[in-house]
Amino acid sequence: QERMPQTPPFAAMFDSSGYNRNLHQSKEDNCGGLYYHENNLLSGSLEALIEHLVPNVDYYPDRTYIFTFLLSSRLFMHPYELMAKVCHLCIEQQRLNKPGLDKNQIQKIAPKILQLLTEWTETFPYDFRDERMMRNLKELAQRIASGDEMYRKNVQQLLQNLIRKLATVSQYEEVLAKINATSTDRLTVLKTKPQSIQRDIITVCNDPYALAQQLTHIELERLNYIGPEEFVQAFVQKDPLDNDKSCYGDRKKTRNLEAYVEWFNRLSYLVATEICMPVKKKHRARVIEYFIDVARECFNIGNFNSLMAIISGMNMSPVSRLKKTWAKVKTAKFDVLEHQMDPSSNFYNYRTALRGAAQRSLTAHSNREKIVIPFFSLLIKDIYFLNEGCANRLPNGHVNFEKFWELAKQVSEFMTWKQVECPFERDRKILQYLLTVPVFSDDALYLASYESESPENHIEKDRWKTLR
């Protein structure tokens with residue numbers, strides 16, 4: 001019996017030059033609608049690329065190809081349409097629909113088809129939230145299982161794992177909805193009687209290191225729920241060769257990515273709220289110094305997303321205008337952080353630090369050294385520009401596969417980072433506070449800021465009048 005082809009970990013998909021593009025290529029490929037240059041697949045017709053995905057008795061597609069094609073094909077067709085085509089090809093080519101199927105034949109091809117389905121369900125499980133996907137998957141899996149008892153267990157295992165993953169993500173989405181509802185309720189209370197419920201962050205957690213660790217918990221959890229396809233689905237537009245259907249701009253498809261961006265905004269506003277709220281100048285200065293220490297520890301951990309959120313909270317104008325408060329702060333440490341996150345030269349300093357963290361992660365001995373949490377909106381922006389910068393199709397109608405290697409390379413690096421287990425103990429009390437404590441809106445921040453240090457010029461005075 002043939003063994004199942006094995007799935008190497010994501011990090012192994014890279015060779016030193018970046019992406020492993022040496023695909024198992026047979027002689028007739030160049031005339032079969034796929035175009036290679038020096039063993040690298042550069043382009044192909046959509047049909048030929050789909051055929052290249054489907055294993056046969058002598059061939060199993062390279063893993064980097066599977067990931068890249070499943071990731072990018074959704075720019076051209078719905079995953080359920082691709083799934084239907086793959087099932088059709090498997091059944092046709094292997095004559096799985098013929099009565100009296102040869103057991104020997106099934107044993108040669110079944111492990112490969114199962115492996116392809118395993119990679120699809122493990123890497124892009126959210127595709128299967130679509131009923132049509134599930135139907136096709138079950139039908140093809142049943143055919144394999146009915147041909148040989150030996151594969152029934154594998155098929156059951158595959159379906160159970162998938163259903164478990166989808167249940168987990170649904171639970172996570174419910175929890176997020178609850179958290180959002182709680183913080184909205186509390187904000188209403190905060191507006192009517194602020195002093196009664198508002199504790200401050202230093203009372204909840206007076207150790208900046210502990211806070212940085214809890215922030216890292218939140219980051220890693222939210223990162224972990226983002227599906228790789230969400231990066232591509234965020235940019236899905238009409239495929240020019242299909243006049244009638246715009247590729248699906250279904251809201252549900254990028255929900256976890258959006259929730260993560262919302263978390264970044266929440267953290268920035270939380271930082272600004274905590275700084276503007278204390279009545280006394282020395283308390284405000286203490287909160288600023290506290291957050292500088294938290295941000296430094298985030299930097300050391302490799303949590304660049306929280307670091308950026310904290311810095312952007314401190315740079316909001318209701319905070320940065322508090323000149324008397326800042327005069328009491330030792331700002332040398334803050335200047336170092338600002339320098340690290342300086343946006344000039346396309347965030348050169350940050351990118352250097354990120355590369356350092358990524359290197360450390362590759363040779364890490366502990367989970368703590370593995371942590372790389374990128375500044376997320378910049379990652380999205382990079383992928384956006386990569387997507388905008390070149391066409392999906394070449395003038396001859398071929399799919400521009402070279403572009404999709406690059407896209408897959410960026411996304412698969414992210415996949416490695418999102419799989420890290422958080423090494424720190426969870427602290428429920430601190431997590432609860434970070435996720436549900438009410439934060440001020442822009443207007444409330446300005447109001448608090450003017451009440452702490454009165455307006456300096458007539459623009460500020462007018463604004464204060466309006467707000468009051």
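Just wondering, is there one or more residues in region 198-220 that are among the acidic types (Asp, Glu), in a helix (DSSP H, G or I), under 27 Å from the mean Cα position of the chain (by Cα) and modelled with pLDDT of 95 or more? Looking for residues that are among the acidic types (Asp, Glu), in a helix (DSSP H, G or I), under 27 Å from the mean Cα position of the chain (by Cα) and modelled with pLDDT of 95 or more, one finds at least one in region 198-220, hence yes.
Search region 413-468 for residues being touching a residue at least 40 places away in the same chain (Cβ under 8 Å), assigned to a loop (DSSP other than H, G, I, E, B) and more than 30 Å from residue 375 (Cα to Cα), and hand back the single one that is least open to solvent (accessible area, probe 1.4 Å). Here the residue is 453. Can you find a residue in region 342-353 that is assigned to a helix (DSSP H, G or I), modelled with pLDDT of 95 or more and of a type in the set (A, V, I, L, M)? Yes, some residue in region 342-353 is assigned to a helix (DSSP H, G or I), modelled with pLDDT of 95 or more and of a type in the set (A, V, I, L, M). Going through (1) part of a helix (DSSP H, G or I); (2) open to solvent by 20 Å² or more (accessible area, probe 1.4 Å); (3) closer than 27 Å to residue 231 by Cα one by one, residue 396 falls short only on (1). Which of the residues belonging to region 59-99 are open to solvent by 10 Å² or more (accessible area, probe 1.4 Å) and of a type in the set (D, E, K, R)? Across region 59-99, the qualifying residues are 62, 63, 81, 85, 92, 95, 98. Answer with yes or no whether residue 261 is in a helix (DSSP H, G or I), of a type in the set (Val, Ile, Thr) and surrounded by fewer than 18 Cβ atoms within 10 Å (Cβ to Cβ). Answer is yes for this residue. In region 322-341, of all residues being outside any helix (DSSP H, G or I) and open to solvent by 20 Å² or more (accessible area, probe 1.4 Å), the one that is modelled with the highest pLDDT corresponds to 328. What pairs come up if the first residue lies in region 255-267 and is farther than 17 Å from residue 212 by Cα, the second is open to solvent by 30 Å² or more (accessible area, probe 1.4 Å), and their beta carbons are under 7 Å apart, counting only those six or more places apart or on different chains? Close Cβ pairs (under 7 Å, with a partner that is open to solvent by 30 Å² or more (accessible area, probe 1.4 Å)) amount to 256/225; 257/234; 261/377. Could we say that residue 153 is free of Cβ contacts under 8 Å to residues at least 60 places away in the same chain, open to solvent by 10 Å² or more (accessible area, probe 1.4 Å), of a type in the set (Lys, Arg) and not assigned by the TED database to the domain that holds residue 419 here? In short, yes. Kindly check whether there is at least one residue in region 294-307 that is over 19 Å from residue 371 (Cβ atoms), of a type outside the set (Asp, Glu) and surrounded by fewer than 22 Cβ atoms within 10 Å (Cβ to Cβ). No, that holds for no residue. When region 38-59 is filtered for residues that are assigned to a loop (DSSP other than H, G, I, E, B) and either β-branched (Val, Ile, Thr) or within 28 Å of the chain's Cα centre (by Cα) (or both), the ones remaining, listed by number, are 54, 57.
The values are calculated or read from the model by the stated rules, or taken from the named source; none is laboratory data. Worth saying up front: this structure is predicted, and the values here are computed from it rather than measured. Cβ atoms come from the backbone with ideal geometry, glycine included; neighbour counts cover every protein chain shown. We work out accessible area using only protein heavy atoms, side chains counted, and drop any ligands, DNA or RNA first. Shrake-Rupley method; radii C 1.70, N 1.55, O 1.52, S 1.80 Å.
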